[in-house]
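Just below is one structure, and these are the notes that go with it.
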Amino acid sequence: MNIEEKAINTLRFLSVDQVNSANSGHPGAPMGAAPIAYTLFKKIMNHSPSNPRFHNRDRFILSIGHASALLYSVLHLTGYNFGINDLKKFRKFGSKTPGHPERDIDLGIEVTTGPLGQGFANGVGMAISEKMMSSKYKNIIDHYIYGIVGDGDLQEGISSEAASLAGTLGLGKLVYIYDSNGISIDGSNDLAFTENVGDRFKAYGWEVFENIDGLSVKQLEETINKAKSNLNQPTLIIAKTTIGYGSPNKSGKESSHGEPLGEDETKLARENLKWKYSEFEVPEDVLEHMNESILSGKKLEAEWNSEYKELKSKNPDMYDELDKLLNQKMSPNWDKSLLDSINNTNEPEATRASSGVSINLLKDHMPNLIGGSADLTGSTNTEIKGSKNFSKINPDGRNIKFGVREHGMGGIMNGISAHGNFRVFGGTFLVFSDYMRGSVRLSALSNLNSIWIFTHDSIGLGEDGPTHQPISQLMSLRGIPNLNVYRPADKKETLLSWHMAITTLDKPSALILSRQGLPDIESLSDNKLTLEYFSKGAYICYENTKDNPEIIFLSTGSEVSETITAAKHLSKSYKVRVVSMPCWDLFDNQTEDFKNKIIPPDTSKIISVEAGIGLGWQKYTRNNDNIISIESFGASGPGKELINSFGFSSDRIIEKTKLILR
């Protein structure tokens with residue numbers, strides 16, 4: 001058994017041992033795809049295990065996240081911060097080795113995968129980011145994005161969306177190896193997946209290599225190197241593998257996919273592959289062979305740093321800008337134009353338009369700000385003016401046309417964010433957030449700083465009707481942990497929402513924006529005080545008393561101005577306060593003292609006003625009766641007429657409040 005075969009079998013049995021130890025997991029894919037992982041990490045990839053954040057490293061994505069044991073095994077052997085005891089804690093609470101990979105750059109895990117297709121789309125985003133950078137800094141930025149994808153990945157719609165765009169954009173540094181083992185959880189692909197994958201990807205504009213022996217390191221290495229030479233097309237290498245390779249009774253069967261081999265079958269597999277080593281044992285010569293990646297990585301990084309230093313000395317201005325991109329540093333006073341615009345009073349303006357203003361106030365101060373929409377640029381106001389569209393011939397364009405691909409857009413945005421250099425935003429209608437919820441959720445789980453722009457946020461959008469009018473989507477987004485959801489009430493709040501989104505580096509933000517024009521609301525007049533209060537998620541925007549109010553209205557977005565009008569009418573008879581709550585998440589994280597100042601616990605009537613479902617408002621109103629909401633689908637008609645009909649004009653808010661006060 002030569003050292004390569006020995007290293008591959010080490011990967012196989014470390015994976016099997018992890019799954020057996022946890023008594024759960026997926027041994028089949030690691031056993032079949034071990035030669036692919038070995039070839040990439042030992043033969044192909046430029047990476048530095050001693051510094052996983054090395055800027056010019058190749059990126060690796062295990063899109064088949066259920067094969068996580070293989071990823072942990074290869075990271076352990078090549079010198080990343082995974083000890084053998086970490087492998088023994090596979091799937092244990094608090095371990096470095098969860099059931100599916102969770103993004104941690106310092107461990108060498110680039111993205112969170114498991115929901116199939118997400119990693120595939122993430123890689124497309126990384127390739128976009130790399131192409132943007134290398135087009136300008138080609139002397140110093142030059143790396144590839146590699147991934148292992150599977151049958152399940154290619155069945156998911158998000159992969160088709162992302163693959164189509166990748167081909168259109170000619171992302172030549174994207175190389176995916178398809179672990180084609182013909183088996184999914186239910187059984188053979190013949191049950192549901194008989195298409196010609198190669199022809200499909202050729203139609204997308206990819207270079208495709210078919211019938212590659214997934215057991216042959218030599219053939220894999222040669223094919224990947226051929227793929228690297230084509231800088232005009234992404235590549236899919238269809239590698240024929242056997243799920244559960246080496247297992248006498250489970251090889252090639254779905255029974256090896258998602259359950260441990262077990263003690264008896266593992267013993268038979270060891271005998272079959274002539275593996276004489278015990279559980280979690282790593283041969284010394286294999287460890288020495290694989291640990292060569294540490295020294296080669298250090299050498300690679302030292303050479304890159306030296307070259308970077310020399311280039312920077314010749315062109316300091318250009319490479320100072322690259323420094324900012326690599327480290328996501330913003331120019332001094334980047335937010336001055338944004339904050340200076342806060343108190344400007346204009347005619348009523350849709351917050352989607354105010355968001356577009358924000359983007360274009362920021363663009364010159366943030367050269368790393370990029371983004372686009374799912375074929376709704378004009379409707380979502382997501383154009384960076386004065387910039388080209390990113391394309392094959394314009395890789396420096398900052399506007400990305402994602403096409404009608406909401407979920408693909410989401411996964412690609414997360415890949416751009418995970419790549420680490422650009423701040424990316426993407427827009428669509430709020431109702432279509434359902435199409436991309438999986439990606440939004442993963443951005444929160446992964447602590448990515450993607451900025452989600454969701455416009456046309458209520459029945460106020462009008463004539464498009466109930467198919468396009470979001471009712472439950474806003475509250476659904478609020479239900480995602482670690483996601484700041486902003487629903488601004490006017491231009492000022494929109495500018496501040498953007499300020500918060502940009503300064504929040506470790507979690508995503510969602511901006512919920514109106515189609516209809518909204519007037520400037522009454523609020524705190526001092527800029528610093530406004531920013532200070534806004535950053536706490538809720539603030540008092542109207543009151544007629546400094547005492548504890550009898551009635552507190554809580555509202556967001558387009559309903560705030562109508563609520564203030566209603567409150568002024570009621571203030572003739574009651575002590576009234578209106579609180580704008582643009583971001584629940586921020587407010588909920590404040591001190592109890594602050595929250596009690598905004599919503600005093602002894603106020604008798606706390607009433608919420610929001611044009612969406614009322615579920616969730618109970619934690620503030622303290623009962624179900626004080627919620628002014630929509631509990632049905634909308635209707636087609638002029639926006640103002642619908643707002644009144646569904647009870648959100650000031651007159652209707654007054655009517656409903658009087659009923660609550662009885």
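The values are calculated or read from the model by the stated rules, or taken from the named source; none is laboratory data. Note that the structure is a prediction, hence the values are computed from the model and not measured. Please note: Cβ atoms are built from the backbone with ideal geometry, for glycine as well, and neighbour counts cover all protein chains shown.
Residues that are surrounded by fewer than 19 Cβ atoms within 10 Å (Cβ to Cβ) and hydroxyl-bearing (Ser, Thr, Tyr) within segment 598-648 comprise THR603, SER604, SER632, SER636, SER645, listed in sequence order.
Condition check: outside the structural domain of HIS55 (by TED's automatic domain parsing) and small (Gly, Ala, Ser). Does SER293 satisfy that?
Answer is no for this residue.
Inside segment 244-269, residues that are part of a helix (DSSP H, G or I) and closer than 15 Å to ILE8 by Cα make up a count of 1. Residues that are assigned to a loop (DSSP other than H, G, I, E, B) and free of Cβ contacts under 8 Å to residues at least 24 places away in the same chain within segment 378-393 comprise GLY386, LYS388, ILE393, listed in sequence order.
So which residues in segment 422-449 are hydrophobic (A, V, I, L, M, F, W, C), closer than 17 Å to ASN122 by Cα and in a helix (DSSP H, G or I), if there are any at all?
Hits for segment 422-449 are MET436, VAL440, LEU442, ALA444, LEU445.
Count of segment 564-591 residues, restricted to those that are surrounded by 24 or more Cβ atoms within 10 Å (Cβ to Cβ), under 15 Å from LEU661 (Cβ atoms) and touching a residue at least 40 places away in the same chain (Cβ under 8 Å), is 1.
Restricting to segment 467-511, count the residues that are in a helix (DSSP H, G or I) and among the hydroxyl-bearing types (Ser, Thr, Tyr). Selection size over segment 467-511: 4.
Conditions tested, residue by residue: (1) among the β-branched types (Val, Ile, Thr); (2) within 29 Å of VAL175 (Cβ to Cβ); (3) part of a strand (DSSP E or B).
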site: ALA227; (1), (2), (3): no, yes, no
site: ASN232; (1), (2), (3): no, yes, no
site: LEU236; (1), (2), (3): no, yes, yes
site: THR242; (1), (2), (3): yes, yes, no
site: VAL282; (1), (2), (3): yes, yes, no
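Pairs linking a residue in segment 144-159 that is over 22 Å from ASN230 (Cβ atoms) to a residue that is aromatic (Phe, Trp, Tyr) and not in a helix (DSSP H, G or I), with Cβ atoms under 8 Å and 6 or more positions apart or on different chains, are GLY150/TYR178; ASP151/PHE193; GLN155/PHE193. Do you know which of the residues in segment 273-314 that are closer than 30 Å to ARG12 by Cβ and of a type in the set (Ser, Thr, Tyr) is surrounded by the fewest Cβ atoms within 10 Å (Cβ to Cβ)? Looking at the filtered set, the residue picked out is SER278.
Yes/no per residue for (1) in contact with an Asp or Glu (Cβ under 6 Å, 6 or more places away or on another chain); (2) among the acidic types (Asp, Glu); (3) assigned by TED's automatic domain parsing to the domain that holds TYR144; (4) free of Cβ contacts under 8 Å to residues at least 60 places away in the same chain:
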| site | (1), (2), (3), (4) |
| --- | --- |
| LEU174 | no, no, yes, no |
| ASP179 | no, yes, yes, no |
| ILE183 | yes, no, yes, no |
| ASP186 | no, yes, yes, no |
| ASN196 | no, no, yes, yes |
| GLY205 | no, no, yes, yes |
| PHE209 | no, no, yes, yes |
| LYS218 | no, no, yes, yes |
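Surrounded by 14 or more Cβ atoms within 10 Å (Cβ to Cβ) and either among the β-branched types (Val, Ile, Thr) or not assigned by TED's automatic domain parsing to the domain that holds LYS250 (or both), is that true of ILE224? Judged against the criteria, ILE224 is a match.
For residues that are of a type in the set (Gly, Ala, Ser) and in contact with a Ser or Thr (Cβ under 7 Å, 6 or more places away or on another chain), scanning just segment 438-495, find the one that is surrounded by the fewest Cβ atoms within 10 Å (Cβ to Cβ). By that ranking, first place goes to GLY465.
Contact annotation: residue pairs with Cβ atoms under 6 Å, 6 or more positions apart or on different chains, pairing a residue in segment 365-377 that is without any contact (Cβ under 8 Å) to a residue 40 or more places away in the chain with a partner that is part of a loop (DSSP other than H, G, I, E, B) and not aromatic (Phe, Trp, Tyr), are HIS365/SER331; ASP375/GLY403; ASP375/VAL404. For the structure I just gave you, tell me whether SER355 is more than 28 Å from SER134 (Cα to Cα), surrounded by 20 or more Cβ atoms within 10 Å (Cβ to Cβ) and either hydroxyl-bearing (Ser, Thr, Tyr) or in contact (Cβ under 8 Å) with a residue 40 or more places away in the chain (or both). Yes.
Is it true that ILE294 is among the β-branched types (Val, Ile, Thr), in contact (Cβ under 8 Å) with a residue 60 or more places away in the chain, closer than 30 Å to ALA29 by Cβ and touching an Asp or Glu at 6+ places or on another chain (Cβ under 9 Å)? Spell out the reasoning first.
Details: among the β-branched types (Val, Ile, Thr): yes; in contact (Cβ under 8 Å) with a residue 60 or more places away in the chain: yes; closer than 30 Å to ALA29 by Cβ: yes; touching an Asp or Glu at 6+ places or on another chain (Cβ under 9 Å): no.
No; evaluated as a whole, the condition is false for this residue.
Pull up segment 160-203, narrow it to residues that are charged (D, E, K, R) and touching a helix residue (DSSP H, G or I) at 6+ places or on another chain (Cβ under 6 Å), then point me to the one that is farthest from GLY65 (Cα to Cα). Step by step, filter segment 160-203, then rank; the result is LYS173.
Identification of helices (runs of 4 or more DSSP H) wholly contained in segment 516-617 with 1 or more residues that are more than 35 Å from the chain's Cα centre (by Cα) and either under 22 Å from PHE648 (Cβ atoms) or not assigned by TED's automatic domain parsing to the domain that holds GLY634 (or both) yields 559-570.
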